[in-house]
Amino acid sequence: MSANTSGRTMLAAVVNGFGGPERVELAEVPVPRPAAGQVRIRVAAAGLNPVDGAVRAGVFGGDGQQLGLGWEVVGEIDGTGPGVTGWSRGDRVVGLHYGAVKPLGTHAEYVVLDATAVAAAPAAVDVLAAAALPLAGLTAARAVEQLGLAPGSSVLVTGAAGMVGGLAVQLAARAGLVVTALAGPGDEEFVRSLGAAAFVPRGGAPAGAVDGVLDAAVLGGPALALVRDGGVYVGLIPHHAPAAERGIRVEEQEVAPDGELLAELVALADAGALTLRVSEAFPLAEAAKAHERLATPGVRGRIVLTA
Ligand SMILES: NC(=O)c1ccc[n+]([C@@H]2O[C@H](COP(=O)([O-])OP(=O)(O)OC[C@H]3O[C@@H](n4cnc5c(N)ncnc54)[C@H](OP(=O)(O)O)[C@@H]3O)[C@@H](O)[C@H]2O)c1
């Protein structure tokens, strides 16, 4: 398709009713046009995240509307709206398309994003791995920041073999925190390779109370119970954090688009400091099949859709 796509159509993965993977449809829709301050990206690849399954299932509402799927993207800018400086056609970028209830997402042939939500794509990371960076990377970085712990403090990362958890282990270790990783028994070697100083198998607990927990496995109360009095708990499901107790600061992370922070993460990925695992790639046309795979327990690494 050309840059002047007004009147042209594209394929996009959408839901027109909530339920399982079978509700994911491919719709033919007009190619979106970038408004002031926006860029249009020709999608190369886009991660399929747990939140997409939740949108599809109706967790965030939006009944009666056609909802677009997909929160993250890597691709090439093919058009810019008025007032955009710094980006031009042909630039390879990654970006976050925040929002659960939206008409179109990144699981499409084109997506329009605010120019402030994108960063130059990594040069040293392949396109599928790059597609897995924006959502998990920004969430992990913001959650580690939210811990507010000084170097040398102890932190427990639950779900440490997952995408957010794994990147959080790497970023927390890099920030000088002493990381204990909680994950499945088969994940010990992997999470230690990310920089975890100690490992706790699922259902277990660290030897002593920790200064903070970053709860990427969404364990809630049982994870909060592992924090020392006056420590910190960071949860990843907004409005679902356990009640504060024992002077513990309870925080909820909600990711936000941030091109500058994303650029820092891209630099780390290019330097080999972030591990972006890809489990499997599906063409956009097989989005429903990819959702089925997402619902299968034990997936390691991001499932990616290619446009
Ligand atoms: N607030 C936000 O802005 C935001 C942004 C991004 C993600 N999130 C949320 O953060 C969570 C993690 O996302 P993700 O992308 O990292 O998902 P992911 O890649 O699927 O990883 C989740 C990890 O948690 C593990 N896990 C699940 N239950 C566990 C338990 N009881 N004990 C130990 N480990 C357990 C899973 O292991 P198994 O595969 O073995 O079950 C998996 O390794 C999701 O709930 C997601 O919706 C929130």
Filtering trypsin sites (Lys or Arg not before Pro) in segment 177-255 by DSSP loop and by at most 16 other Cβ atoms within 10 Å leaves Arg202, Arg246
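Rank these residues by their accessible area, most exposed first, probe 1.4 Å: Leu226, Leu305. Don't jump to the answer; show the numbers that get you there.
Details: Leu226 35, Leu305 5 Å².
Ranked list, largest accessible area first: Leu226, Leu305.
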Looks like segment 1-159, by Cα gyration tensor root eigenvalues a ≥ b ≥ c and the a/c under 1.5 rounded cutoff (else prolate when a/b is bigger than b/c, oblate otherwise), is oblate
Two pseudo-spin positions, 7 Å from Cα along C-beta at Glu254 and at Arg300, lie apart in nanometres by 3.5 nm
With every protein chain kept in place and a 1.4 Å probe, segment 205-253 has an accessible area per residue in Å² of 46 Å²
Length-normalised contact order of segment 45-124, Cα under 8 Å, at least 6 apart, in percent, tallies to 32 percent
For Arg8 and Arg192, extending 7 Å from Cα along the Cα-Cβ vector and measuring point to point gives, in nm, a value of 5.2 nm
Whole-percent carbon and sulfur contribution to the accessible surface of segment 15-113 (1.4 Å, no ligands, DNA or RNA) stands at 50 percent
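Please report the relative contact order for segment 113-254, taking Cα pairs under 8 Å with a sequence separation of at least 6, and give it as a percent rounded to a whole number.
Values: 277 pairs, mean separation 28.3, N = 142.
Relative contact order, segment 113-254: 20 percent.
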Gyration tensor on Cα atoms of segment 143-240, a ≥ b ≥ c root eigenvalues, a/c under 1.5 rounded, else prolate if a/b beats b/c, else oblate, says rounded
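Loop-only check: which trypsin sites (Lys or Arg not before Pro) in segment 22-97 are DSSP coil with at most 13 other Cβ within 10 angstrom?
On the way: sites: Arg23, Arg40, Arg42, Arg56, Arg89, Arg92; in loops: Arg89.
Sites meeting the loop and neighbour criteria: Arg89.
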So Asn16 and Arg174, fully extended at 0.36 nm per residue minus their Cα-Cα distance, gain in nm 52.6 nm
Whole-Å distance linking the alpha carbon centroid of segment 248-274 with that of segment 50-78 is 21 Å
Sorted on mean Cβ neighbours within 10 Å (highest first), peptides 180-188, 43-51 come out as 43-51, 180-188
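Dipole magnitude of the chain about its Cα centre, charges +1 at Lys/Arg Cβ and -1 at Asp/Glu Cβ only, in debye to the nearest 20?
Working: 21 positive and 30 negative charges, 30 e Å.
Charge dipole, the chain, about its Cα centre: 140 debye, nearest 20.
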Sorted by accessible surface (1.4 Å probe, heavy atoms of the protein chains only), largest first, Phe199, Phe282, Phe18 come out as Phe18, Phe199, Phe282
Per GNM of the chain with C-alpha springs under 10 angstrom, the most fluctuating residue out of Ala119, Ala141, Ala54 is Ala54
Applying the gyration tensor rule to the Cα atoms of the chain (axes a ≥ b ≥ c; rounded if a/c under 1.5, else prolate if a/b exceeds b/c, else oblate), the class is prolate
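Please give me, ordered by residue number, the GluC sites (Glu not before Pro) of segment 192-299 that lie in loop per DSSP and have at most 15 other Cβ atoms within 10 Å.
Details: sites: Glu245, Glu251, Glu252, Glu254, Glu260, Glu264, Glu280, Glu286, Glu292; in loops: Glu245, Glu254.
Within segment 192-299, the qualifying GluC sites (Glu not before Pro) (loop, at most 15 other Cβ atoms within 10 Å) are Glu245, Glu254.
The values are calculated or read from the model by the stated rules, or taken from the named source; none is laboratory data. None of these values were measured; they are calculated from a predicted model. In this analysis, Cβ positions are derived from the backbone assuming ideal geometry, glycine residues included, and neighbour counts consider all displayed protein chains. Each accessible area value is taken on the protein alone, full model and side chains, heavy atoms only, with ligands, DNA and RNA left out. Shrake-Rupley method; radii C 1.70, N 1.55, O 1.52, S 1.80 Å.
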